[in-house]
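Undergrad: One structure follows; several queries about it will come next.
Throughout, read-outs are computed from the coordinates displayed, never taken from laboratory work. Note that this is a predicted model, so its numbers are computed, not measured. Here the Cβ positions follow ideal geometry from the backbone for every residue, glycine too, while neighbour counts run over all protein chains shown.
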């Protein structure tokens, strides 16, 4: 099944415990046995920031990855792109529910990961807004009104963000970006299952605000 590897942890002598986002079943925790051995046929595919085709079976001990082939890997060479991508994955880990299929979120995540390398100016903030929209917390442009007054530019930015049309996004004024930071922070706090360890989503927004001033 189509899978994005969100996070991995080495366990035992040769296994890898993986947090996966699958298009068919949503977020899963699965173990890949023996993938750290040099002789493993698919160990190099089951790594964070990888888009893979995975064979996953459910047994008495949970989900197991029995095979995988890499379709695409993201943001491994560019440190800035890598950090942006990590922030997005952290968002997903904190907000996705286990075994809840969200194919639109899956497709949006692929779009985000590709954008991290090609469109760094517009990546994490639009992705956060799009996630909130797909989660049903930001259903339309009118919903933003309840969080305060917003300019036409902000509303247009939000509309383009939630549709994935990021290539032509306008650069917002510092105070406009700050308002989006507050909006996202407020809504994310409602759905996050744990604190964002990288803290970087909101930190990145504030940093971008400072750089724009």
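Undergrad: log10 I(q)/I(0), Debye, Cα-only the stretch 78-129, no solvent, q = 0.13, 0.24 Å⁻¹?
TA: Scattering profile of the stretch 78-129, log10 relative to I(0): -0.29, -0.90.
Undergrad: Could I ask something else about it? Among 8-15, 25-32, 179-186, 62-69, how do they line up by average Cβ neighbours within 10 Å per residue, starting with the highest? Display every interim value, and only then the final one.
TA: Working: 8-15: 13.1, 25-32: 20.1, 179-186: 18.6, 62-69: 17.0.
Per-residue Cβ counts within 10 Å, averaged per peptide and sorted highest first, yield 25-32, 179-186, 62-69, 8-15.
Undergrad: Label points 7 Å out from Cα along the Cβ direction at residue 55 and residue 10: separation in nm?
TA: 2.6
Undergrad: Determine the gain in length on full extension of the stretch residue 111-residue 134; use 0.36 nm per residue of separation and subtract their C-alpha separation, reporting nm with one decimal. It would help to have the intermediate numbers written out before the result.
TA: Numbers: separation 23, 0.36 × 23 = 8.28 nm, distance 1.40 nm.
6.9 nm is the gain from fully extending residue 111 to residue 134.
Undergrad: Length gain on complete extension for the stretch residue 64 to residue 118, per 0.36 nm per residue less the alpha carbon to alpha carbon distance?
TA: 16.1 nm
Undergrad: Across bins of 5 angstrom width beginning at 0, how are the C-alpha pair distances of the stretch 2-73 distributed, in whole percent?
TA: 4, 19, 32, 29, 13, 3, 0
Undergrad: Now, a different point. With a point put 7 Å past each Cα toward its Cβ, work out how far residue 1 is from residue 24 in nm, to one decimal.
TA: It works out to 0.6 nm between the two label points.
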